Amino acid sequence: MISLLTVYREEEIMKSHLIKPFLDESYPVADYGQGIYLYDKTGKKYIDGSSGAVTANIGHGIPEIADAMKKQAEKVSFVYRSQFTSEPAEKLANKLKDWAPGDVNWTFFVNSGSEATETALKVAIQYWQEKGKPSKIKVLSRWMSYHGITLGSLSMSGHVGRRARFTPLLEDFPSVEPPYCFRCPFKQTHPQCGLMCADELERAILREGADHIAAFIAEPVIGASGGAIVPPPGYYERIKEICDKYDVLFIADEVMTGFGRTGKRFAIDHWAVVPDIIAVGKGLTGGYAPLAATIISDKVLAPVRQGSKIIMSGHTYSANPQATAVGLAVLNYVEKYNLTKRAEKTGDKLMSRLKNLKRHYPIIGDVRGKGLLTGVEFISNVFNHMPFSSEVSVSKKIISKCMDKGLLVYPASAGIEGKAGDAVLIAPPLTIIEEEINDLVTIFEESVKEVQSELQ
Ligand code: PLP
């Protein structure tokens, strides 16, 4: 029987001309946000337990960000980048020089994480052209990765589900297995494995021929396509060694992990490695404006400076004064309140609370992550870590229960990609305090408990 509620929902869906992620689902209407909380039009309160898509790093409704927006809007909101530069764009680029490690000093602004990784791809290819090696045009990456939705960035992404529809249009890029110790693709354990997952990069380069490889791109901590997977010790050091040996640039995709999220400025700072190019987005403005960037090392920019003198990329809104003023205010806020350090400390608390849940709920197979980027992977069998089949939709059920109870968490793929297994990301704003972590974990626990008993 069709209920009145279903009829109402369908009418509501048909009336709206906004294309939403799932066309036959209705979504609450956001009204306002304050700190780690979001409120919908009915007055319902939600803990923003994943900062949206791991974006709202400093929380919602912060007056000093609104002030910075207003001040810039009253001066000038738009200038075109080939006619003018602007004070906020210059200041933010200088700040990013201080935030980024080593000689990663030069910023090219874009508007989304996908554009940032796509620009990184183009810059890497251009670098080798300027150096007289035009055959180096491929960018290797890992299966179980997400670098964006535009065709170039999707070509680099090993996210099976997001690639599927466009595979014939994509470059044949992803190549190596992820450093996924919970389900090691090589059926090994660390450290006896000798980092086979890192060494696979060397084999991939040799297979393709180093003359064809411009760069290797990786998320330092794998986000939505793995559920906060942290590689084993020594992994990135080995990766960088291999990249250097074969003249392959290393691009760190910090779109999700940047700006304090993992308890360091950038997630790659957890290892003794300096990338050649860093892609950033999301936390750069904490969701207050669309802005992303590709940050380039002295080494990579030098041949462009001496050669063509132009980075062949850019968008109408690149280096937009309004968006960069927001980025500047957000990074000032992160610095003023020491949010990177706070993420490290509160992240430890969140992690130990979640690990404790794992002891009580057998469907929780793994809890992992760094700082305030944590992932929980679900399993159907504690002995062999068998994932749930996709039809069971465990994470979907848990996310939906959490939402009913006023907690937002983010879906992540895990297990056997595209076939079975799932995880969620728990990544609240870096401003979260201990009592709020308790509330978040309480709701998450209730939801896991209910879904687990429904599965029995
Ligand atoms: N890179 C990573 C690691 C991401 O997590 C994302 C988005 O989730 C992107 C790139 C793409 O960013 P955007 O959605 O802003 O295009």
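What the table shows:
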{"read-out": "Subset of the range 227-251 [more than 16 Å from GLY371 (Cβ to Cβ) and within 14 Å of the ligand (Cβ to nearest atom)]", "value": "ILE251"}
{"read-out": "Filter result for GLY283 (away from the ligand (no atom under 12 Å from the Cβ), under 14 Å from the mean Cα position of the chain (by Cα) and buried (at least 24 other Cβ atoms within 10 Å of the Cβ))", "value": "no"}
{"read-out": "Condition check for LYS358: basic (Lys, Arg) and either within 30 Å of VAL79 (Cβ to Cβ) or in contact (Cβ under 8 Å) with a residue 24 or more places away in the chain (or both)", "value": "no"}
{"read-out": "Residues (surrounded by fewer than 24 Cβ atoms within 10 Å (Cβ to Cβ) and within 14 Å of the ligand (Cβ to nearest atom)) located in the range 289-310", "value": "ALA289, PRO290"}
{"read-out": "Options LYS349, LYS345, LYS370; residue that is at pLDDT 95 or above, at negative phi, over 21 Å from the mean Cα position of the chain (by Cα) and among the basic types (Lys, Arg)", "value": "LYS349"}
{"read-out": "The range 437-456, residues that are in contact with a Phe, Trp or Tyr (Cβ under 9 Å, 6 or more places away or on another chain) and among the acidic types (Asp, Glu)", "value": "GLU445"}
{"read-out": "Residue within the range 191-201 that is surrounded by fewer than 17 Cβ atoms within 10 Å (Cβ to Cβ), without any contact (Cβ under 8 Å) to a residue 60 or more places away in the chain and at positive phi present", "value": "yes"}
{"read-out": "Conditions (1) in a loop (DSSP other than H, G, I, E, B); (2) more than 19 Å from HIS212 (Cα to Cα); number of the one not met by PHE182", "value": "(1)"}
{"read-out": "Of the criteria (1) buried (at least 23 other Cβ atoms within 10 Å of the Cβ); (2) in contact with a Lys or Arg (Cβ under 8 Å, 6 or more places away or on another chain); (3) without any contact (Cβ under 8 Å) to a residue 40 or more places away in the chain, which one GLU171 fails", "value": "(1)"}
{"read-out": "Where a residue in the range 124-152 is part of a loop (DSSP other than H, G, I, E, B) and its partner, wherever it lies, is at pLDDT below 95 and more than 16 Å from the ligand (Cβ to nearest atom), with Cβ under 9 Å and at least six apart", "value": "ILE137/GLU171; TRP143/SER175; TRP143/PRO185"}
{"read-out": "Candidates SER112, SER157, SER153 - the one that is within 16 Å of the ligand (Cβ to nearest atom) and farther than 25 Å from ILE416 by Cα", "value": "SER112"}
{"read-out": "Sole residue being modelled with pLDDT of 95 or more, surrounded by 15 or more Cβ atoms within 10 Å (Cβ to Cβ) and within 24 Å of the chain's Cα centre (by Cα), chosen from GLY365, GLY415, GLY421", "value": "GLY365"}
{"read-out": "Positions within the range 81-105 being crowded, with 24+ Cβ neighbours inside 10 Å, within 14 Å of ILE251 (Cα to Cα) and in contact with a helix residue (DSSP H, G or I) (Cβ under 7 Å, 6 or more places away or on another chain), in sequence order", "value": "none"}
{"read-out": "Selection from the range 30-80 of residues that are in a loop (DSSP other than H, G, I, E, B) and surrounded by 19 or more Cβ atoms within 10 Å (Cβ to Cβ)", "value": "ILE36, ASP48, GLY49, SER50, THR55, ALA56, ASN57, ILE58, GLY59, ILE62"}
{"read-out": "Residues (surrounded by fewer than 24 Cβ atoms within 10 Å (Cβ to Cβ) and under 15 Å from the mean Cα position of the chain (by Cα)) located in the range 227-262", "value": "VAL230"}
{"read-out": "Checklist (1) in a loop (DSSP other than H, G, I, E, B); (2) within 21 Å of the chain's Cα centre (by Cα) applied to GLY102, failing item", "value": "(2)"}
{"read-out": "Residues of the range 424-456 classified as more than 25 Å from the chain's Cα centre (by Cα) and not polar (S, T, N, Q), total", "value": "7"}
{"read-out": "Matching residues, the range 106-127, being farther than 15 Å from ALA293 by Cβ, surrounded by fewer than 24 Cβ atoms within 10 Å (Cβ to Cβ) and of a type in the set (A, V, I, L, M, F, W, C)", "value": "ILE125"}
{"read-out": "The range 372-427, residues that are more than 17 Å from ALA56 (Cβ to Cβ) and of a type in the set (S, T, N, Q)", "value": "SER380, ASN381, ASN384, SER389, SER390, SER393, SER395, SER400, SER413"}
{"read-out": "Count of residues meeting criterion [within 26 Å of ALA329 (Cβ to Cβ) and touching a residue at least 24 places away in the same chain (Cβ under 8 Å)] in the range 14-44", "value": "6"}
{"read-out": "The range 421-447 residues that are within 20 Å of ALA53 (Cβ to Cβ), paired with ones that are aromatic (Phe, Trp, Tyr) and buried (at least 18 other Cβ atoms within 10 Å of the Cβ) (beta carbon under 6 Å, 6 or more apart)", "value": "ASP422/PHE378; LEU425/TYR410"}
{"read-out": "Qualifying position, being more than 19 Å from ILE268 (Cα to Cα) and touching a His at 6+ places or on another chain (Cβ under 8 Å), among ASN111, ASN94", "value": "ASN111"}
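Condition check ((1) more than 14 Å from the ligand (Cβ to nearest atom); (2) within 30 Å of GLN306 (Cα to Cα); (3) modelled with pLDDT under 95) across all residues:
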{"site": "LYS122", "(1), (2), (3)": "yes, yes, no"}
{"site": "LYS133", "(1), (2), (3)": "yes, yes, no"}
{"site": "ILE149", "(1), (2), (3)": "no, no, no"}
{"site": "GLY161", "(1), (2), (3)": "no, no, yes"}
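The values are calculated or read from the model by the stated rules, or taken from the named source; none is laboratory data. Since this is a predicted model, take the numbers as computed values, not measurements. Positions of Cβ are backbone-derived with ideal geometry, glycine not excepted, and every protein chain shown enters the neighbour counts.
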